[in-house]
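> Okay, handing you the structure first.
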Amino acid sequence: MARLLFLLVMATFFSHSVQQEETVMDKILRANRDMNLFEGDIPHTMTSRNGIRDVSELWTTRVIPYELKFGDFSTWEQNTIQRAMDEFQARTCLSFVPRANETDYIYIHKGTGCWSFVGVQGGRQDLSLGFGCVHKGVAIHEFMHAAGFWHEQSRFDRDDWVTIQWENIQEDKKHNFNRYSEIMVSGLGVSYDYGSVMHYSATALSINGRPTIVATVTGAPYFGQRTGFSDEDVFKLNRLYSCSK
């Protein structure tokens, strides 16, 4: 009886631990808490959409040249960033290659916070993996931005899947929960993904610890990811880049 009680207590503990585990977006928002970035980790821009429609902003060769700022990252951190890149290469037709003389490339450095521009900007485009940001899942999230993806909860159809609890959001952060018209947004024919690595967590930018996003579907999984892609993230990446994988 005592053993059974012990097992029940431990099961409850571990279940609670899983529920409370930080998502990728939690880590990003914590690292960026004192920064004024669009949707939490994007340098300010005029519009937002889930998957870029303008093909001029895609890496049309499916190769993303990159440069790591010399001296910014330890060997362990470089290996973590490489594992995130390897995940793209293993599951999509996109690959990251050290820059030779390419004009368009991402410049990965340890700036303030975690952030990236969305899609090809032209020339060198900075991507920051600062203090608290060098995790595989965080790197995948920022590389998804660089590849052309915005956050999942800004999709045009999000109100069919989630309810935004505006009263629980920090007043100066409410604009981060705007959604955009179907003209501006491409869901790439894929249903809303609660588990996307690009999704906010349930209490993101909460002023009181209460949920800012609630699923409208009974039994929906937890929002966001802890370590990397959801299957739907991979499917959308492959569809956006017309991959055969």
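The values are calculated or read from the model by the stated rules, or taken from the named source; none is laboratory data. If you're wondering where the values come from, they're calculated on a predicted model, not measured in any experiment. We place every Cβ from the backbone using ideal geometry, glycine too, and count neighbours over all the protein chains shown. The accessibility values were calculated without ligands, DNA or RNA, using every heavy atom of the protein model including side chains. Shrake-Rupley method; radii C 1.70, N 1.55, O 1.52, S 1.80 Å.
> Kindly state which strands (runs of 3 or more DSSP E) lie completely within region 53-131 and contain at least 1 residues that are among the charged types (D, E, K, R).
Numbers: elements: 63-68, 95-98, 105-109, 114-116, 124-129.
Here the list reads 63-68, 124-129.
> Please enumerate the residues belonging to region 218-232 that are closer than 26 Å to Leu58 by Cβ, of a type outside the set (S, T, N, Q), surrounded by 14 or more Cβ atoms within 10 Å (Cβ to Cβ) and out of contact with any helix residue (DSSP H, G or I) (no Cβ under 7 Å at 6 or more places or on another chain). Talk me through it step by step, then tell me what you get.
From region 218-232, those closer than 26 Å to Leu58 by Cβ are 224-225, 227-232; that's our starting set.
Retained after the next criterion (residues that are of a type outside the set (S, T, N, Q)): 224, 228-229, 231-232.
Now drop any that are not surrounded by 14 or more Cβ atoms within 10 Å (Cβ to Cβ), which leaves 224, 228-229, 232.
Scanning region 218-232 gives a single hit, Glu232.
> Which residues, taken from region 125-138, are open to solvent by 20 Å² or more (accessible area, probe 1.4 Å) and touching a residue at least 24 places away in the same chain (Cβ under 8 Å)? Break it down into steps so the answer makes sense when it comes.
To start, the set of residues in region 125-138 that are open to solvent by 20 Å² or more (accessible area, probe 1.4 Å) comprises 126, 131-132, 135-136.
Result: Phe131, Gly132, His135, Lys136.
> Among all residue pairs at least 6 apart or on different chains, which show Cβ distances below 7 Å where the first residue, located in region 142-165, is assigned to a strand (DSSP E or B) and the second is open to solvent by 20 Å² or more (accessible area, probe 1.4 Å)?
Listed by first residue and then by second, the contacts come to Val162/Val214; Val162/Ala215; Val162/Thr216; Thr163/Val214; Thr163/Thr216.
> Follow-up question, since we're still on this one. If we scan region 175-193, do we find a residue that is open to solvent by less than 20 Å² (accessible area, probe 1.4 Å) and modelled with pLDDT of 95 or more?
no
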